[in-house]
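S.K.: The structure under discussion is supplied below as structure tokens; questions concerning it will follow.
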Amino acid sequence: MTNLEEGAVGAPDAGVGRARWAAPAPFLITGLLFASYFVRIPSLKLELGLSDGLLGVFLMLPIVSGLLAMQMTGRLVARVGSGPVLRVVMIALPLSLLAFAPVNGLVGFAVVLLVFGAVDGLIDISMNAHTIAVERTLKRPIMNSCHAAWSIGSAIGSLLGGGAIKIGLSITEHYALVVAAMVVLAAFAGRHLLPGQADRADRDAAVPEKTTERASWRTGWTPRLMLLAVTGTVVLVCSGVAGSWSGVYLHDELDATLATASLGYIAFCVCEAGARLVGDRLHERYGAQLLARCAGGIAVAGLAVVVLSPSAAMAIGGFALFGLGLSVLVPLVLSAVGHGAAESGSADAAAALAKVGTITYSGLLVGPMLVGWFAEGFGLTGTLTGLLVVMAVALGVGLRSV
């Protein structure tokens, strides 16, 4: 079980309280920027004359570059600290989004996608590592509220993007406004992030004899870390499937209209964001293992309702339960990974998060694709039933390590 009391370090300066409120900022920025990117993909597709197949190839580029960037983030954070890295990448990510606006030609589009994904890989690991450092300094969990900020940012970005399209703003105008606001937020929040020694002090206190060891991606794995990585992968596969296939399932399997079919993912997202807002309080009150077991049970029950539903309305309720259950699991897994690394002495938080992140976030890439392949042979209902069994087994075993 993750224990925030053990191995926690004292506040590196008097600004640790401000760091707690600055910690969600990179999550909100990332969620808002990615939503702004997603909402403009149809426009970029038209401008560049891309076919559906070619667009799919291009959209894999930021995922691949992000996963590659994660491999260097652990060493970078170990050297300079998560706070200093975040101060740079929180500004670099909005600027990389702005580069989409004047994109001309397929080569330029590919380059911008690769840069955007690589910066996201850097910010993803460093913001979670910084959250671990803040948690260990404060001796209380904040990971769920940080991930809630991502969900809120994503919702805001989607609404703003839809509004920008409706009033006729060009991509350049839309992104210029978004980037200006996010750079200001990043500059303000960056001043209040923890200094670099907050990460190093935690690692040095736990394993002083290993502070000069240079870890590679292949070293530092423990059975517990691998189990957490597999569990996180299954959770993100399920999240990706909810986003990619909930509407298709409701429309094709339960004869919902297109408008009604969209409600499945909306219900999933609303419940996911809402649960994350209270997740830290539940974590403090009931502990990580009890919260993880209850949330896992709700997630399994939600997907069971989906595959057994005779009507679209009931299935939408199932997707709501599904989002409610999955909501806290990724934050709990990441928190267990980061704190467990420092306590075991196998690696620092950023290195462990980079290892696990590489595997888990691959689930977002391969999960929806595998569901499509299996659905062709077994049908979508049969495939989701199989996913239900896999999820139940994985969560039943893996959540014991949280």
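The values are calculated or read from the model by the stated rules, or taken from the named source; none is laboratory data. All values derive from a computational prediction rather than experimental measurement. Please note: Cβ atoms are built from the backbone with ideal geometry, for glycine as well, and neighbour counts cover all protein chains shown. Heavy atoms of the whole protein, side chains included, go into the accessibility calculation; ligands, DNA and RNA do not. Shrake-Rupley method; radii C 1.70, N 1.55, O 1.52, S 1.80 Å.
S.K.: Can you pull out the residues in segment 75-127 that are part of a loop (DSSP other than H, G, I, E, B) and in contact with a Ser or Thr (Cβ under 8 Å, 6 or more places away or on another chain)?
M.R.: So in segment 75-127, the residues part of a loop (DSSP other than H, G, I, E, B) come out as 81, 99-105.
Matches in segment 75-127: ALA101, PRO102.
S.K.: Now for a different question. Mind checking which residues of segment 333-344 are of a type in the set (A, V, I, L, M), modelled with pLDDT of 85 or more and over 12 Å from the mean Cα position of the chain (by Cα)?
M.R.: ALA336, VAL337 - these are the residues of segment 333-344 that are of a type in the set (A, V, I, L, M), modelled with pLDDT of 85 or more and over 12 Å from the mean Cα position of the chain (by Cα).
S.K.: Please determine whether any residue of segment 274-288 is modelled with pLDDT of 90 or more, out of contact with any helix residue (DSSP H, G or I) (no Cβ under 6 Å at 6 or more places or on another chain) and among the basic types (Lys, Arg).
M.R.: Scanning segment 274-288 turns up at least one residue that is modelled with pLDDT of 90 or more, out of contact with any helix residue (DSSP H, G or I) (no Cβ under 6 Å at 6 or more places or on another chain) and among the basic types (Lys, Arg).
S.K.: Any residue at all in segment 366-383 that's over 30 Å from PRO310 (Cβ atoms), touching a residue at least 24 places away in the same chain (Cβ under 8 Å) and either in a helix (DSSP H, G or I) or touching a strand residue (DSSP E or B) at 6+ places or on another chain (Cβ under 7 Å) (or both)?
M.R.: Taking every residue of segment 366-383 in turn, at least one turns out to be over 30 Å from PRO310 (Cβ atoms), touching a residue at least 24 places away in the same chain (Cβ under 8 Å) and either in a helix (DSSP H, G or I) or touching a strand residue (DSSP E or B) at 6+ places or on another chain (Cβ under 7 Å) (or both).
S.K.: A further question follows. Tally time: how many residues in segment 293-317 are under 21 Å from ALA267 (Cα atoms) and within 22 Å of the chain's Cα centre (by Cα)?
M.R.: Counting residues in segment 293-317 that are under 21 Å from ALA267 (Cα atoms) and within 22 Å of the chain's Cα centre (by Cα) gives 9.
S.K.: Report the residue count in segment 58-86 for those that are open to solvent by 10 Å² or more (accessible area, probe 1.4 Å) and touching a Pro at 6+ places or on another chain (Cβ under 8 Å).
M.R.: Number satisfying all stated conditions: 1.
S.K.: So GLY367 fits all but one of (1) open to solvent by 30 Å² or more (accessible area, probe 1.4 Å); (2) at pLDDT below 95; what number is the exception?
M.R.: (1)
S.K.: Look at HIS251 and say whether it is open to solvent by less than 10 Å² (accessible area, probe 1.4 Å), in a helix (DSSP H, G or I) and either at pLDDT below 85 or not aliphatic (A, V, I, L, M) (or both).
M.R.: So HIS251 does not fit the description; no.
S.K.: In addition: Would you be able to say whether some residue in segment 5-17 is modelled with pLDDT of 85 or more, closer than 24 Å to ALA351 by Cβ and open to solvent by 20 Å² or more (accessible area, probe 1.4 Å)?
M.R.: Checking segment 5-17: not a single residue is modelled with pLDDT of 85 or more, closer than 24 Å to ALA351 by Cβ and open to solvent by 20 Å² or more (accessible area, probe 1.4 Å).
Residues checked against (1) among the hydrophobic types (A, V, I, L, M, F, W, C); (2) more than 19 Å from GLY247 (Cβ to Cβ):
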{"site": "GLY302", "(1), (2)": "no, no"}
{"site": "ALA315", "(1), (2)": "yes, no"}
{"site": "ALA320", "(1), (2)": "yes, no"}
{"site": "VAL333", "(1), (2)": "yes, yes"}
{"site": "PHE374", "(1), (2)": "yes, no"}
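S.K.: Please verify whether THR233 is modelled with pLDDT of 50 or more, closer than 14 Å to GLY398 by Cα and of a type in the set (Ser, Thr, Tyr), treating the condition exactly as stated.
M.R.: Yes: the conditions hold for THR233.
S.K.: Find the residue count for segment 169-220, including only residues that are open to solvent by less than 60 Å² (accessible area, probe 1.4 Å) and at pLDDT 65 or above.
M.R.: Number satisfying all stated conditions: 24.
S.K.: Can you list residue pairs whose Cβ atoms sit under 7 Å apart, with the first residue in segment 133-159 being touching a residue at least 12 places away in the same chain (Cβ under 8 Å) and among the aliphatic types (A, V, I, L, M) and the second being outside any helix (DSSP H, G or I) and open to solvent by less than 10 Å² (accessible area, probe 1.4 Å)? Count only pairs 6 or more apart in sequence or on different chains.
M.R.: ALA133/LEU194; VAL134/ALA23; VAL134/ILE142; VAL134/LEU194; ILE142/ALA23
S.K.: Counting only residues that are of a type outside the set (A, V, I, L, M) and open to solvent by 30 Å² or more (accessible area, probe 1.4 Å), how many does segment 87-105 have? Let's see the steps before the verdict.
M.R.: If we filter segment 87-105 for residues that are of a type outside the set (A, V, I, L, M), which is where we start, we get 87, 94, 96, 100, 102, 104-105.
Those left that are additionally open to solvent by 30 Å² or more (accessible area, probe 1.4 Å): 87, 102, 104-105.
Residues meeting the conditions: 4.
S.K.: On the basis of being surrounded by 21 or more Cβ atoms within 10 Å (Cβ to Cβ), in a loop (DSSP other than H, G, I, E, B), in contact with a helix residue (DSSP H, G or I) (Cβ under 7 Å, 6 or more places away or on another chain) and modelled with pLDDT under 95, does ALA347 make the cut?
M.R.: Answer is yes for this residue.
S.K.: Right, something else. Starting from segment 241-266, keep only residues that are free of Cβ contacts under 8 Å to residues at least 40 places away in the same chain and under 23 Å from LEU326 (Cα atoms), then list their pairs with residues that are surrounded by fewer than 18 Cβ atoms within 10 Å (Cβ to Cβ) and polar (S, T, N, Q) whose Cβ atoms are within a distance under 6 Å, requiring at least 6 positions of separation or different chains.
M.R.: Here the result reads GLY247/SER262, each pair linking segment 241-266 to a residue that is surrounded by fewer than 18 Cβ atoms within 10 Å (Cβ to Cβ) and polar (S, T, N, Q).
S.K.: Now for a separate question. Could you list, in sequence order, all residues of segment 35-57 that are among the hydrophobic types (A, V, I, L, M, F, W, C), under 29 Å from ALA350 (Cα atoms) and open to solvent by less than 30 Å² (accessible area, probe 1.4 Å)?
M.R.: Keep residues of segment 35-57 that are among the hydrophobic types (A, V, I, L, M, F, W, C), which gives 35, 38-39, 41, 44, 46, 48, 50, 54-55, 57.
Checking the rest, the ones that are also under 29 Å from ALA350 (Cα atoms) come to 35, 38.
Once the filter is applied, which keeps residues that are among the hydrophobic types (A, V, I, L, M, F, W, C), under 29 Å from ALA350 (Cα atoms) and open to solvent by less than 30 Å² (accessible area, probe 1.4 Å), segment 35-57 yields only ALA35.
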